[in-house]
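Rule-based calculations on the coordinates, nothing more; no lab input. The model shown is predicted, which means the values in this text are computed figures rather than measured ones. No Cβ is skipped: glycine too gets one built from the backbone with ideal geometry, and neighbour counts run over all protein chains shown.
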Amino acid sequence: MTTNSHNEEEKIEFEMSSGNVFADLGFEQPQEMLLKSELVRQINSIIQTQGSDGDQTKEVLDIDENIRSNLSKGKLTELTIEQLLRYLNILGKDLEIVLKPATIPHNFPKEKLGQRGNLKVTAV
């Protein structure tokens with residue numbers, strides 16, 4: 001808490017995050033957006049580590065300037081998960097998709113059970 005010059009406590013309002021910034025901001029398909037953002041982050045990290053410039057990236061991934069720009073700027077709505085997975089594979093990453101039962105927090109509303117699991121990317 002902060003105090004003002006009169007030593008009165010000021011209440012600061014805040015809202016706990018859901019753990020997904022896209023959900024917190026009201027985006028449609030927030031889990032998909034979170035997954036895409038992590039895949040794009042991984043792609044850009046690999047490109048940066050390899051020291052590739054824009055032309056090299058376009059050639060290696062066989063993409064045009066518009067798609068390269070979307071990748072570098074993180075424009076997620078213009079990219080599909082399938083494209084992003086293919087780019088990671090081209091950049092030398094093995095991909096593994098694991099399906100498992102959803103973990104349900106103890107305070108999860110019962111009326112939402114069975115509606116949706118979580119998406120997660122783990123880079124090793």
Exercise. Computed FRET efficiency, Cβ-Cβ of K11 and V98, R0 41 Å: what is it to the nearest 0.05?
Worked result: 0.40
Seminar exercise, completed: Output ordering of 35-44, 65-74, 22-31 (per-residue mean of other Cβ within 10 Å, highest first) is 35-44, 65-74, 22-31
Seminar exercise, completed: Place a point 7 Å from the Cα of D55 in the direction of its beta carbon; the residues of segment 68-96 whose amide N falls under 18 Å from it are 68-69
